[in-house]
Amino acid sequence: MSLSPAAVVAGAYFPGPRSENETWVRGEFQAVLDQWFDWRKHLFADDPCLVGPADRLSPGRLERREILSRELAELCEALTAETPTYTPRYIGHMKAEVSLPALLGWLAAMLHNPNNTSREASKVGTVIEAEAIAMLATMVGYDPAKAEGHFTSGGTVANFEAVWRARYRLDHWLSLGLHIAETTGEPLDVFASAHMGWDRFRALWAEHGLTDAVLRRCSAAVGVPADVWRRISRAAGRDYMGPVMLVPGNKHYSWSKAANLFGLGEESLWAVGLDADGRLDVDDLERLMQRAEAEGRPVLMAVGVAGTTETGEIDPIDVLHDRLERWESERGLHVWRHVDAAYGGFLCAILGGPDEAVLTPASAAALRAIGRADSVTIDPHKLGYVPYACGAFLTRDTARYAVSAFDAPYLDRPELGDGKWSSTLEGSRSAAGAAAVWLSGRTIGFGPDGMGALLAETVRARQAFEAALGEAVPEVRFLEPADANIVCFSLAAPGESLSSANRRTAALFERIHQSPEFSVSKTTLGADYASVIARHVSGFGGAIDAPGMVLVRCVFMNPYWAAPEYRAALIPSFIALVREGLGRDLEAA
Ligand SMILES: *Cc1c(COP(=O)(O)O)cnc(C)c1O
C-alpha cells in the first residue's frame, strides 16, 4: 500500500507518536555531535588541553560532574510533568510536536551559538537567515529576490516591526507635508500628506530642495513629538489627534500592546467590524478610512488576519487589497497594509497543489493575496513546527524594510550589508530558528507536496472530527464556517438560552480538562463577535442573554492527525468523553 504524501511527511520528519523513529533520531543527534566535536578537535590542534587524561577524573572535577548529572536528571524528570503536546490527544493551543528537520537544524546551529545581530557575530548564520527568509517569502507570494525580512522571537515582535516601519514611512510623508505648509503658508491636509506615496514625496523633496536636517525638524519620530503635533495642529487649523490603526475585531492582543507601546493610545486602535463569519468586514474598513479622513487622522496601517488566534478564520485579504489599492490609484492615498499571518501563513504551502480544495475558494483567494501586502508576520513556531522562539517579519521589498535611521530608502543604506542590528527591534538574535526553518525548507519543503500536504491533512482531520462528533452528539454546535484546522463548539439543546449553553459548555470544558485523555482550550467570544454570536445562537433558536459566548476550542495542528489510524482511534474516544460529560450534566440538572 502506498502512503499519502502527508503520511510520508508525518512519518519521516517527526519523531513518531510512539517514538517510532527513535533509533534513527538518536543517530542523527549523534552525527551532529560527532561533526561538532570533530571540527573543534582539528581546528587548533596544537593548542594545550585543559583536561588531561590523568586529571580527567580528579576528585574536584568528578564531584562537579556528578552534581551536573544529578541536577540535569532532576530537570529532565521535572519536565515530564509538562503537558504532553507531542501527542495528537493535545488539541488545546497552537502548539504541537516539532519536526525533526527543525529540531536538528536548531541543535546544529545552537552548538555554534551564532548571533545574527551582525555578519561579524554570525558569518554563516546570517546567510542561512537570508536564505530561510527567502523561502518563507516565496511561500507567502513575495518575490524572494526583492523581499526583505528577519526572524523575531515571535509574532508579537514581528507585528511591532510592521508598526515601526509603517510609522517610519508615514512620519516621512507627514513631515514633508508639514514643512511645505509651514514654509508656504498653505493649509496642511494631514490625511493627504500622510499617505502621499514615495513618488510624490520624491517630487516634492526635489521641488522644495529638502535636506535630511530640515525634514528632521518636522518629524514626530525623531524630534519632540509634542512640538511637532502642536505645529501640525496649527498648520492644519484643527487639533491633531495622531494616527489610528485599523485592526479587525478578531485581532491578537499583540495589536493592543503595539498601540500602547508606540504611544498611539489604545483608543487609537480602531476595531474593524466582523461579518457573521467572523471575518474582517471590508465595507466597515472603508467606513473607518472615511471617518479617519474626516477627522484628519492618518491611518498608520490597515491589518488583515490570515488565521485568527481564536478560530483560525482567514480575513478576505484579497478584497482588502482591492479596496485600498483603489484609494491608491484613484486618490493617490497609500495606506500601509499588513497581514498578520502568524498562524495561517504556512497554509500558503497548500496553494496550487492537489489539496487546494480543502480550503474554501475564498480562503485560497485570501491566502494568494498575502503577497500584495506591504508587510507580513508569520510564525514558524506555530504551523511551521519549529521550536520556540521563532517568528518572522517580511516586507515586500527593501524600501518597505527601511526604518530608524532618518534617511529616505532611495539613499544607499550600507549598514544593511553589515547585518541587521540597526533594522531589528531586538538586539542579539539567535540563528537557531533560521537554521530550523532553513532545514525544514530544504527537506519537508514549503510547497504542496511537503508542508502543504501535511497541513491540508490537518484541515481534513478537523473536518472528520466535526462530521463524526456532530453526528454522534447533536447538541454539539460547531462555530461555522471553520477556515483552517481550528474548530470551536458549544453545547446547546434546541431553544436553550445562551447563558445556559455557556454554563454547560464551560462545564464540559472542565470535564475534558480534568481528564488525562485530551487537552482542549476554552475561549469566550465577546462584543467584537456580536454578529457571529447572533448567527450561532439562531442555529438553535435560543435567546441571547449573555454578553459573551463560551466555546470549547480544538486545534488540529498535530502532524499525526494526518494518519488515518490516529483519527480512527482518537475521534471515538473524544466522542465518548463528550457523551460522558453530557450525561453528568443531565444528572446535575
Ligand atoms: C500567535 C499570534 C500572534 C503572536 O505571536 P507570538 O508568537 O505568540 O508572539 C499574533 N497574531 C496572531 C494572529 C497569532 O495567532
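I'd like to check something: does region 124-134 contain any residue that is within 16 Å of the ligand (Cβ to nearest atom) and surrounded by fewer than 18 Cβ atoms within 10 Å (Cβ to Cβ)?
Of region 124-134, the ones within 16 Å of the ligand (Cβ to nearest atom) are none.
The answer is no; no qualifying residue exists.
Pull up region 135-156, narrow it to residues that are crowded, with 24+ Cβ neighbours inside 10 Å and assigned to a helix (DSSP H, G or I), then point me to the one that is farthest from the ligand (Cβ to nearest atom).
Within region 135-156, the match that is farthest from the ligand (Cβ to nearest atom) is Ala137.
Of all residues being assigned to a strand (DSSP E or B) and of a type in the set (A, V, I, L, M) in region 348-389, which is nearest to the ligand (Cβ to nearest atom)? Just the residue, please.
Pass one, region 348-389, residues assigned to a strand (DSSP E or B): 375-378.
Among the residues that remain, those that are also of a type in the set (A, V, I, L, M) are: 376, 378.
Numbers: Val376: 11, Ile378: 10 Å.
Selected residue: Ile378.
Could you go through region 95-109 and let me know if any residue there is without any contact (Cβ under 8 Å) to a residue 60 or more places away in the chain, away from the ligand (no atom under 16 Å from the Cβ) and either surrounded by 13 or more Cβ atoms within 10 Å (Cβ to Cβ) or of a type outside the set (D, E, K, R) (or both).
No, the conditions are met nowhere in region 95-109.
Does region 517-568 hold any residues that are in contact with a Lys or Arg (Cβ under 9 Å, 6 or more places away or on another chain) and within 12 Å of Tyr90 (Cβ to Cβ), and which are they?
Selection gives Glu517, Phe518, Ser519, Val520, Ser521, Cys554, Val555, Phe556, Met557, Asn558, Trp561.
The rows are residues; the columns are (1) outside any helix (DSSP H, G or I); (2) over 30 Å from Pro380 (Cα atoms).
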site: Val459; (1), (2): no, no
site: Phe489; (1), (2): yes, no
site: Ala493; (1), (2): yes, yes
site: Phe540; (1), (2): yes, yes
site: Leu551; (1), (2): yes, no
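Could you grab the pairs with beta carbons closer than 9 Å, sequence gap of 6+ or different chains, first residue in region 69-89 and polar (S, T, N, Q), second one assigned to a helix (DSSP H, G or I)?
Listed pairs, sorted by first residue: Thr87/Tyr560.
Give me the pairs: first residue in region 505-518 and in contact (Cβ under 8 Å) with a residue 24 or more places away in the chain, second residue assigned to a loop (DSSP other than H, G, I, E, B), beta-carbon distance under 6 Å, and six or more apart or on different chains, which are they?
Ile512/Phe518; Ile512/Val520; Phe518/Arg89
What residue, among those in region 327-348 that are among the small types (Gly, Ala, Ser) and farther than 22 Å from Lys251 by Cβ, is surrounded by the fewest Cβ atoms within 10 Å (Cβ to Cβ)?
Taking region 327-348 and keeping what is among the small types (Gly, Ala, Ser), we get 329, 332, 341-342, 344-345.
This time we only want the ones that are farther than 22 Å from Lys251 by Cβ, so: 329, 332.
On the way: Ser329: 8, Gly332: 13.
Out of the qualifying residues, it is Ser329.
Go through (1) assigned by TED's automatic domain parsing to the domain that holds Arg372; (2) at pLDDT 95 or above for Val214 and report which single condition fails.
With respect to (1) assigned by TED's automatic domain parsing to the domain that holds Arg372; (2) at pLDDT 95 or above, Val214 is out only on (2).
Of the residues that sit in region 316-343 and are among the hydrophobic types (A, V, I, L, M, F, W, C) and part of a loop (DSSP other than H, G, I, E, B), which one is farthest from Arg400 (Cα to Cα)?
Once the filter is applied, the top-ranked residue is Ala342.
Take the residues of region 268-280 that are over 13 Å from Val247 (Cβ atoms) and touching a strand residue (DSSP E or B) at 6+ places or on another chain (Cβ under 9 Å): which is surrounded by the fewest Cβ atoms within 10 Å (Cβ to Cβ)? First the steps, then the outcome.
First, the residues of region 268-280 that are over 13 Å from Val247 (Cβ atoms): 275-279.
Adding the requirement that they be touching a strand residue (DSSP E or B) at 6+ places or on another chain (Cβ under 9 Å) leaves 278-279.
Details: Gly278: 30, Arg279: 26.
Restricting to residues being over 13 Å from Val247 (Cβ atoms) and touching a strand residue (DSSP E or B) at 6+ places or on another chain (Cβ under 9 Å), the top hit is Arg279.
Give the number of residues within region 501-529 that are surrounded by fewer than 19 Cβ atoms within 10 Å (Cβ to Cβ) and over 25 Å from the mean Cα position of the chain (by Cα).
Number of matching residues: 10.
Across region 423-457, what is the total count of residues that are surrounded by fewer than 17 Cβ atoms within 10 Å (Cβ to Cβ) and part of a helix (DSSP H, G or I)?
Qualifying residue count, region 423-457: 1.
Could you please let me know if Glu20 is surrounded by fewer than 16 Cβ atoms within 10 Å (Cβ to Cβ), outside any helix (DSSP H, G or I) and of a type outside the set (A, V, I, L, M)?
Numbers: surrounded by fewer than 16 Cβ atoms within 10 Å (Cβ to Cβ): yes; outside any helix (DSSP H, G or I): yes; of a type outside the set (A, V, I, L, M): yes.
Against the criterion (surrounded by fewer than 16 Cβ atoms within 10 Å (Cβ to Cβ), outside any helix (DSSP H, G or I) and of a type outside the set (A, V, I, L, M)), Glu20 qualifies.
Out of region 451-498, which residues are closer than 28 Å to Ala7 by Cβ and either modelled with pLDDT under 95 or of a type in the set (Ser, Thr, Tyr) (or both)?
Those that are closer than 28 Å to Ala7 by Cβ and either modelled with pLDDT under 95 or of a type in the set (Ser, Thr, Tyr) (or both): Thr458, Pro481.
If you go through region 179-201 one residue at a time, how many are touching a residue at least 12 places away in the same chain (Cβ under 8 Å), part of a helix (DSSP H, G or I) and surrounded by fewer than 24 Cβ atoms within 10 Å (Cβ to Cβ)? Quick ask: steps written out before the conclusion?
First pass over region 179-201, keeping only residues touching a residue at least 12 places away in the same chain (Cβ under 8 Å): 179-183, 187-198, 200-201.
Next, from what is left, pick out any that are part of a helix (DSSP H, G or I): 179-183, 190-194, 198, 200-201.
If we keep only those that are surrounded by fewer than 24 Cβ atoms within 10 Å (Cβ to Cβ) as well, we get 179-183, 191-192, 198, 200-201.
Number of matching residues: 10.
Does region 43-54 contain at least one residue that is charged (D, E, K, R), without any contact (Cβ under 8 Å) to a residue 40 or more places away in the chain, part of a helix (DSSP H, G or I) and not assigned by TED's automatic domain parsing to the domain that holds Glu565?
Filtering region 43-54 down to residues charged (D, E, K, R) leaves 46-47.
Keeping just the survivors that are without any contact (Cβ under 8 Å) to a residue 40 or more places away in the chain gives 46-47.
Checking which are part of a helix (DSSP H, G or I) leaves us with none.
No - not one qualifying residue is present in region 43-54.
Under the condition of being within 16 Å of the ligand (Cβ to nearest atom) and charged (D, E, K, R), which residue from region 290-324 is surrounded by the fewest Cβ atoms within 10 Å (Cβ to Cβ)?
Taking region 290-324 first, the residues within 16 Å of the ligand (Cβ to nearest atom) are 301-317, 320.
Narrowing the set further to residues that are charged (D, E, K, R) leaves 310, 313, 315.
Working: Glu310: 20, Glu313: 28, Asp315: 33.
The selected residue is Glu310.
The values are calculated or read from the model by the stated rules, or taken from the named source; none is laboratory data. All of these numbers come straight from a predicted model, not from anything done at the bench. Cβ coordinates were reconstructed from backbone atoms using ideal geometry, including for glycine residues, and neighbour counts include every protein chain displayed.
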